[in-house]
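A quick write-up on the structure given underneath.
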Amino acid sequence: MIDIKKNYKDKVIPFFQKEYKYKNSMQIPRIVYVSFNTGLGKIAKSASNGKDFIKRVQEDIASILGQVPAITKAKKSIAGFNLHENDVTGMKATLRGKNMIDFLERLVNIALPRIRDFSGISEKNFDERGNLNIGIREYTIFPELGIGKENEKIRKNLGIQINIITSANNRKQGIALFKRLGFPLVDDN
């Protein structure tokens, strides 16, 4: 069980002060916010009762995050994608502060180990700025969701994207930050 705040004080700050010679604690990389996104796409249109489906998905995500996600809509019509203006396309939420820390601890300690054949988060998931991007095919791994056959089919078809944004200067610092915090990273090289 990782404790992000404790690991930041005990492991991250001393490591960066020693390794990178940071004198000011504000220079040390930290997690700024978490962006949570899910696309509804064709599933929202094909669902027999679209508004109930969207409401159910929004309630599921709210129980996972601890806050209600914003519904995203199409800005313009695109005929090739059979998309009309103001169609619901997905949901998004930005987590900061205590909500962010609670979500990340539940993600690492409870949800990720529930993924079948999970061996760790690949270092390929980091971008050049040290941000971690995690894609999950179905959000049934979160224990906050109740078990029900009517909801199970919907939940298995919805993937989520979790972007953890840091104040790191580069990819190497981002990887070092998450390793010290206790995230289960795997070196793919």
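Each value in this text was obtained by applying a stated rule to the coordinates, not by laboratory testing. Because the structure is a prediction, the values reported are computed rather than measured. Here the Cβ is made from the backbone with ideal geometry for all residues, glycine too, and neighbour counts use every protein chain on show.
Listing for the model above:
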| item | result |
| --- | --- |
| Mean Cβ neighbour count within 10 Å, used as a protection proxy, ranking 134-143, 73-82 highest first | 134-143, 73-82 |
| Two-decimal Rg/Rh across region 32-126, once Rg and the Kirkwood Rh are taken from alpha-carbon atoms | 1.04 |
| Cα-based Lys proximity count in region 25-131, under 21 Å, for pairs eight or more positions apart or on separate chains | 21 |
| Per-q log10 I(q)/I(0), region 1-83, q = 0.23 Å⁻¹ (Debye; single scatterer per alpha-carbon; no solvent) | -1.15 |
| The chain, relative contact order [Cα under 8 Å, separation at least 6], % | 31 percent |
| Simple label model, 7 Å out from Cα along Cβ direction - K6 to R114, nm | 2.3 nm |
